[in-house]
Amino acid sequence: MVHFIQWNSSLNTNIEEIDKQHKGLVEIINLTAYAKSKNHPERLKEILIKLIEYTKTHFSYEEEHMLKNNYNKLIEHKAQHQVLIKQVINILERMKTGDQDVLENIFNILENWLIKHIKEQDKEYAYFYGEEIKKGK
């Protein structure tokens, strides 16, 4: 049985476009689980490349949103984004060399970084943003 990420309210930031993009990331990561279950390593590599590109686009949007709202932890958040992108690139590189460990754990690795990032860093920003809206800024 294939395990997929199920979107639920605990992942909502209540920032409409960011939540929409996070759902897009979940869909792409779920594709990795499906491709792995069907033993399609070439398709898996294609999905990872798509994930890297979509992640870069999403992170750019998120960072621009934070910049417009004078988020006080933007520099730290951007650094986290760079770490996450490097992790996915590293996974892709390891796959290209035939690393079976990364192939076995790919979905869990991706699921964990996305869920952790949303629930920790993005939720922290969402709280900040919500407070700024309450202040009328």
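The values are calculated or read from the model by the stated rules, or taken from the named source; none is laboratory data. Owing to the predicted nature of the structure, the values given are computational and were not obtained by experimental measurement. No Cβ is skipped: glycine too gets one built from the backbone with ideal geometry, and neighbour counts run over all protein chains shown. Please note that ligands, DNA and RNA were not included when accessible areas were found on the heavy atoms of the full protein model with its side chains. Shrake-Rupley method; radii C 1.70, N 1.55, O 1.52, S 1.80 Å.
Structure notes:
- Calculated FRET value between N70 and K45, using beta carbons and R₀ = 30 Å, to 0.05: 0.15
- Segment 1-19 versus segment 104-129: alpha-carbon centroid distance in Å: 10
- Cβ-Cβ distance of N8 and E63, R₀ of 41 Å, FRET efficiency by 1/(1 + (r/R0)^6): the value works out to about 0.95.
- Whole-Hz couplings from phi, Karplus 6.51/-1.76/1.60, listed for segment 50-63; x for Gly and Pro: 4, 4, 4, 5, 5, 4, 4, 4, 4, 4, 4, 4, 4, 5
- Exposure ranking of E53, E111 by accessible area [1.4 Å probe, largest first]: E53, E111
- Computed from backbone phi, the HN-Hα couplings of segment 19-25 come to 4, 4, 5, 4, 4, x, 5 Hz, rounded to whole numbers (Karplus: 6.51 cos²θ - 1.76 cosθ + 1.60, θ = phi - 60°; Gly and Pro given as x).
- Accessible surface comparison of H65, H3, H22, probe 1.4 Å, protein chains only, largest first: the order is H3, H65, H22.
- Helix content alone sets the calculated 222 nm mean residue ellipticity of the chain: runs of n ≥ 4 DSSP H residues at -39500 (n - 2.57) each, divided across all residues, give -26500 deg cm²/dmol.
- Measuring with a 1.4 angstrom probe and ignoring ligands and nucleic acids, Y54 comes out at about 70 Å² accessible.
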